[in-house]
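K.L.:
Got a structure for you, written out below as structure tokens; questions coming shortly.
The values are calculated or read from the model by the stated rules, or taken from the named source; none is laboratory data. Small disclaimer: the values here were computed from a predicted structure and weren't measured. Every residue, glycine among them, receives a Cβ derived from its backbone with ideal geometry; neighbour counts consider all protein chains shown.
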Amino acid sequence: MQSITTLSEFFHRTGADVRLFDMGRRVAPFEFSRLTEFETGTAPWPLPWNGQARLACAFRLGSRDAASEPLIWFLALPLDEQGMLVPGPRDAFLERLIETLGRTVESVGRDDAPHIDNLMRDNPLAFTPELTQQAMLHALAAQDFVQPASKHHPMAHAYLIDADTSVNWQMLGLQGIADLVVRLESVEEARLAERIPALPVEVLQPLCYCIEHRDVASACVEPLRERAERAARSGDLETLCAVIRALGSSRDSRVGVWYDTLLADPAACGPDVLAAIAARGWMHLEDEQRLPQFLTRLAETPQANFTALVRDLALVPRLRLPVLMTLRQASADSPIGLRLAKLDR
């Protein structure tokens, strides 16, 4: 059997109908060409998570029947310090895959799906995403494969968009909320924004956990920020951080301004808030003033995991050089310099 050396080559040679999704910092579609570049060593993984490229491969073999459920692989590929692929574990997985098939790759068909699916049960690269990520992945994959949303979607739509008072919010399912967020149309965004101020916290939080994986509608920015400030005043740290993470996915400049306000207030900017900004709001740290402000506040917060958060941000290609330069240029008596000095002891 002719060997295959990359995942990209496997999908290409089997003729699989495949959709790829980044499952790290955010659940988002991932272009096939970018996987090819990553595997051939010409480009780093764009948004690493805990030193890994977290990838979901949703694919069909053989039949393109729209009713057939795609197989889904969740793979955590190890990265080096530059965000490039460490090829050994990937190569071992491909070797086992070919052994499992026991035939030429080009002849793989729909009847091989169970064998390929079973391969993941004891795969050291496999991981189980947390529940919100799973819900968002299934919502995105269903949309991409032109399949209907889950049975939970109509109820979520009735409650969150139509403001149907007959719907009990306690009956809403996470998958329905994820389907709603993925399929949200521009007209519906304004209706959702109107609903945010009165949503129970038990609904607002899972909504935020789903929104953090999408580009937040501008209409929702202000209502969400107001809910966050209300949560901060009442000591509801979980809701505050949920909104920080949700708004981190927005490119609206108002989010960056709000982050500045949080970073300027030591009482508001504890370790959980800093972690939330780093996890989902990294694009707003691409600012020559906000990034040093963030790293300074991080250094001043003893409870924060300074080393882990800095290392994680430095793996984001667009942030790597700015982070390293900020650390190098910090004076010895600055909060960053003092924190680094402690680490060197």
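K.L.:
Hey, among ARG34, ARG13, which residue is under 22 Å from LEU71 (Cα atoms), over 23 Å from the mean Cα position of the chain (by Cα), outside the structural domain of ALA178 (by TED's automatic domain parsing) and assigned to a helix (DSSP H, G or I)?
P.N.:
Step by step, each of ARG34, ARG13 is checked, and only ARG13 is under 22 Å from LEU71 (Cα atoms), over 23 Å from the mean Cα position of the chain (by Cα), outside the structural domain of ALA178 (by TED's automatic domain parsing) and assigned to a helix (DSSP H, G or I).
K.L.:
Here is a follow-up. Residues in the stretch 35-59 that are among the hydrophobic types (A, V, I, L, M, F, W, C), surrounded by fewer than 21 Cβ atoms within 10 Å (Cβ to Cβ) and over 23 Å from VAL182 (Cα atoms): how many?
P.N.:
1
Conditions (1) under 27 Å from VAL257 (Cβ atoms); (2) touching a residue at least 12 places away in the same chain (Cβ under 8 Å), marked per residue:
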{"residue": "PRO124", "(1), (2)": "no, yes"}
{"residue": "SER166", "(1), (2)": "no, no"}
{"residue": "GLY173", "(1), (2)": "no, yes"}
{"residue": "ILE177", "(1), (2)": "no, yes"}
{"residue": "LEU192", "(1), (2)": "yes, yes"}
{"residue": "VAL216", "(1), (2)": "yes, yes"}
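K.L.:
Given the criterion in the same structural domain as ILE177 (by TED's automatic domain parsing), charged (D, E, K, R) and at pLDDT below 95, identify the matching residue among ASP252, ASP260.
P.N.:
The conditions single out ASP252.
K.L.:
Failed condition for GLY88, given (1) at pLDDT 95 or above; (2) touching a helix residue (DSSP H, G or I) at 6+ places or on another chain (Cβ under 6 Å); (3) surrounded by fewer than 19 Cβ atoms within 10 Å (Cβ to Cβ); (4) not hydrophobic (A, V, I, L, M, F, W, C), with all others met?
P.N.:
Just one mismatch for GLY88, condition (2).
K.L.:
Kindly provide the set of residues from the stretch 8-34 that are surrounded by 17 or more Cβ atoms within 10 Å (Cβ to Cβ), farther than 21 Å from GLN134 by Cα and in contact with a helix residue (DSSP H, G or I) (Cβ under 7 Å, 6 or more places away or on another chain), ordered by number.
P.N.:
Residues satisfying the conditions are SER8, PHE10, THR14.
So that you can scan it fast, the table gives a plain yes or no per residue for (1) at pLDDT below 95; (2) among the small types (Gly, Ala, Ser); (3) over 25 Å from GLN82 (Cα atoms):
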| residue | (1), (2), (3) |
| --- | --- |
| ALA267 | yes, yes, yes |
| ALA275 | no, yes, no |
| ALA279 | yes, yes, no |
| ASP287 | yes, no, no |
| PRO292 | no, no, no |
| ARG297 | no, no, yes |
| LEU315 | yes, no, no |
| VAL323 | no, no, no |
| THR326 | no, no, no |
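K.L.:
Something else about it: Evaluate the stretch 10-31: report whether one residue or more is modelled with pLDDT of 90 or more and farther than 25 Å from ALA139 by Cβ.
P.N.:
yes
K.L.:
Counting only residues that are without any contact (Cβ under 8 Å) to a residue 24 or more places away in the chain and out of contact with any strand residue (DSSP E or B) (no Cβ under 6 Å at 6 or more places or on another chain), give me the helices (runs of 4 or more DSSP H) lying completely in the stretch 239-345 with at least 1 of them.
P.N.:
Helices (runs of 4 or more DSSP H) meeting the threshold: 253-263, 306-314, 317-329, 335-344.
For (1) over 26 Å from GLN143 (Cα atoms); (2) without any contact (Cβ under 8 Å) to a residue 12 or more places away in the chain; (3) not charged (D, E, K, R); (4) not assigned by TED's automatic domain parsing to the domain that holds VAL18, each residue gets a yes or a no:
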| site | (1), (2), (3), (4) |
| --- | --- |
| THR42 | yes, yes, yes, no |
| TRP45 | no, no, yes, no |
| ARG54 | no, no, no, no |
| LEU75 | no, no, yes, no |
| VAL86 | yes, yes, yes, no |
| PHE93 | yes, no, yes, no |
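K.L.:
If we keep just the residues of the stretch 105-135 that are within 19 Å of ARG90 (Cβ to Cβ) and among the acidic types (Asp, Glu), which is modelled with the highest pLDDT?
P.N.:
It comes out as ASP122.
K.L.:
Among the listed residues ALA149, ALA142, ALA135, ALA193, which satisfies the condition of being touching a Pro at 6+ places or on another chain (Cβ under 8 Å), of a type in the set (Gly, Ala, Ser) and closer than 18 Å to PRO70 by Cα?
P.N.:
ALA142
K.L.:
A further question on this structure: Residues that are under 25 Å from LEU20 (Cβ atoms) and outside the structural domain of ALA228 (by TED's automatic domain parsing): list the helices (runs of 4 or more DSSP H) wholly contained in the stretch 127-206 that include at least 2 such residues.
P.N.:
Counting at least 2 such residues, we get 131-144.
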